[in-house]
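Take a look at the structure set out below.
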Amino acid sequence: MSINQSGWRPERPEAGDAAGAPTFTGNRALMLEEPLIFEMDEADGCGVDFEPVARPAGRIGNLARSAPIGLPGLSEPQMVRHYTRLSRQNYAIDLGLFPLGSCTMKHNPRLNERMARLPGFADIHPLQPVDTVQGALELIASLGEWLVKLTGMHSVAMSPKAGAHGELCGLLAIRSALEARGDAREVILVPESAHGTNPATAAFCGYRVENIPATPAGRVDLEALKSRLGPDVAAVMITNPNTCGLFEPEMIAISEACHAAGGLVYCDGANFNAIVGRVRPGDLGIDAMHINLHKTFSTPHGGGGPGSGPVVFSEALTPFAPLPFVEKQGDHYVLVEEETVGEHHGQSFGRMTAFHGQMGMFSRALSYILSHGADGLRQVSGDAVLNANYVLRSLDGVLDAPFGASGPCMHEALFSDKGFAGGLSTLDLAKGLIDEGFHPMTMYFPLVVHGAMLVEPTETESKTALDQFIGALRSVAERAKAGDETLKAAPVHAPRRRLDETLAARKPVLVWKNSVETAEAAE
Ligand SMILES: *Cc1c(COP(=O)(O)O)cnc(C)c1O
């Protein structure tokens, strides 16, 4: 970045080729170049007039600041423009189709936002007396009832704050249940295709993780699982539908085998959006399962907001569930912080969080559930699966679908890089999609497929939107198969070109260094 008298002028030596002739400013029409806010600092710039302040002498001893604080000095309109310009370089679900498989980037209806902002939900404090927050507690209890009913399970813990946090909650309950029967076990079995959080959670809980291979059809190898079960296996962790976008049809047999060997069954329910209203995990012998509210019952996630990962439990695990929980006593809701009486007294493994969970997510999720109703939720999973299969079949003969021959997929379609010309990879295709105006799909995951591309369109995408995405994907895939080397330079139309992502991940530059000061210091 360099300064000249006319303002900021980014150094963009590459801007002249495929993207067209370089402009004076570096801007390309509405795509505006934007420096870091520190680089725009104006020596005496400030957004407000402060009265000169007489420093109180001696109040903070020698801790008084001796140098400027180092914040950029900008006026309000400069600052507003800076962040608005940056925000326009973002991709968002409200901007276009977001095909990230496994992450389920679904539309969050505006009605949910309206409900979450009601002051009775948004402006309350977690330490407020429960008599003053009866409505909020009722909301948590109602959402919990829906989750228990939809999953066919026995109870629910609402406090976990994300999917991975829910996994931790489930495994802590499993560990407590095993310890309560004096049966400390050491191993958790996790299929090869599991989401990375599964083995990470098991290891975090102090278990040894062992992999179970997948069959050529992309499912858990039941025979391999059965032969590994034994008195040291605490639990199996199965994702269903799995991360290949496929339903595990042998789930009941898996649960029965695991239970027969004295272990428990954890289900990663992040993909519940594919089966909600159609399959009840409780009927499949599952003991604990987290639900990502932010993937199944809308609500923003990732960079767009926090998540929420309630965990549903079987009857066997219910006594070990975490505190606190909401309970209806007569016509009054209470928050049970400690079980001092009753048969479950003292069995809970403890707390997951300081308070009760993500209130904002709860109100959005319940709003989503009530506005869809039972029939609407069933349609959600139907449409999600239909859209994914439309993508899968529309790319027949264009992209290799490793499990495509074994029938329809669930809510996401999995492709591989088979057939790409030498030297061109999944990464090149993904970068080519950026030039087409799409956020890339999930890449190189699941690991069981070479050069994997996992596409999840979600249920709210129209046929027009899907056709446009399919057209873009087909075009880029054909370039990759034909060996079009220009793909290696993609993206050429984005604000930044191909980055060294390994370097960026391994050696991130997170602190801005004032180059002028650094230069002066060197003199
Ligand atoms: C998203 C996801 C998780 C993790 O959920 P977070 O809310 O991101 O912690 C776990 N398993 C699967 C299969 C997922 O898709």
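The values are calculated or read from the model by the stated rules, or taken from the named source; none is laboratory data. All values derive from a computational prediction rather than experimental measurement. With ideal geometry, Cβ positions are generated from the backbone for all residues, glycine too; neighbour counts draw on all protein chains shown. Heads up: the accessible areas ignore ligands, DNA and RNA and are worked out on the full protein's heavy atoms, side chains in. Shrake-Rupley method; radii C 1.70, N 1.55, O 1.52, S 1.80 Å.
In summary, helices (runs of 4 or more DSSP H) completely within the range 222-326 and bearing 1 or more residues that are open to solvent by less than 30 Å² (accessible area, probe 1.4 Å), within 16 Å of the ligand (Cβ to nearest atom) and in contact with a strand residue (DSSP E or B) (Cβ under 8 Å, 6 or more places away or on another chain) occur at 251-260.
Could you tell me how many of the residues in the range 159-186 are more than 11 Å from the ligand (Cβ to nearest atom), buried (at least 20 other Cβ atoms within 10 Å of the Cβ) and either outside the structural domain of Thr296 (by the TED database) or not in a loop (DSSP other than H, G, I, E, B) (or both)? Qualifying residue count, the range 159-186: 8.
Residues in the range 300-347 that are modelled with pLDDT under 85 and within 27 Å of the chain's Cα centre (by Cα): Pro300, His301, Gly302, Gly303, Gly304, Gly305, Pro306. Among all positions in the range 93-116, there is at least one residue which is surrounded by 17 or more Cβ atoms within 10 Å (Cβ to Cβ), among the β-branched types (Val, Ile, Thr) and not assigned by the TED database to the domain that holds Gly282. The residues of the range 351-374 that are open to solvent by 20 Å² or more (accessible area, probe 1.4 Å) and without any contact (Cβ under 8 Å) to a residue 40 or more places away in the chain, listed by number, are Leu370, His372.
The residues on offer are Ala180, Ala141, and the sole one that is in contact (Cβ under 8 Å) with a residue 12 or more places away in the chain and under 18 Å from Glu337 (Cβ atoms) is Ala141.
Selection of first residues in the range 240-263 that are outside the structural domain of Ile291 (by the TED database) and of second residues that are within 16 Å of the ligand (Cβ to nearest atom) and aliphatic (A, V, I, L, M), restricted to Cβ pairs under 6 Å at least 6 apart or on distinct chains, gives an empty result. Of the set (1) aliphatic (A, V, I, L, M); (2) closer than 25 Å to Val385 by Cα; (3) part of a loop (DSSP other than H, G, I, E, B), all apply to Val148 but (3).
Restricting attention to the range 193-209 and to residues that are surrounded by fewer than 16 Cβ atoms within 10 Å (Cβ to Cβ) and more than 12 Å from Leu168 (Cβ to Cβ), the residue that is nearest to the ligand (Cβ to nearest atom) turns out to be Gly196.
Contact annotation: no residue pair with Cβ atoms under 7 Å, 6 or more positions apart or on different chains, pairs a residue in the range 73-98 that is free of Cβ contacts under 8 Å to residues at least 60 places away in the same chain and at positive phi with a partner that is part of a helix (DSSP H, G or I) and open to solvent by less than 70 Å² (accessible area, probe 1.4 Å). Scanning the range 400-412 for residues that are out of contact with any Gly (no Cβ under 6 Å at 6 or more places or on another chain) and either assigned to a loop (DSSP other than H, G, I, E, B) or among the hydrophobic types (A, V, I, L, M, F, W, C) (or both) turns up Ala401, Pro402, Ala405, Gly407, Pro408, His411. Take the residues of the range 345-399 that are aliphatic (A, V, I, L, M), not in a helix (DSSP H, G or I) and not assigned by the TED database to the domain that holds Ala116: which is farthest from Leu178 (Cα to Cα)? The qualifying residue farthest from Leu178 (Cα to Cα) is Val398. Residues in the range 454-501 that are of a type in the set (S, T, N, Q) and either surrounded by 19 or more Cβ atoms within 10 Å (Cβ to Cβ) or in a loop (DSSP other than H, G, I, E, B) (or both): Thr458, Thr460, Ser462.
On the basis of being free of Cβ contacts under 8 Å to residues at least 60 places away in the same chain and open to solvent by 60 Å² or more (accessible area, probe 1.4 Å), does Gly330 make the cut? Answer is yes for this residue. Which of the residues spanning the range 55-89 are part of a loop (DSSP other than H, G, I, E, B), among the polar types (S, T, N, Q) and open to solvent by less than 100 Å² (accessible area, probe 1.4 Å)? Listed by number, the residues that qualify are Ser75, Gln89.
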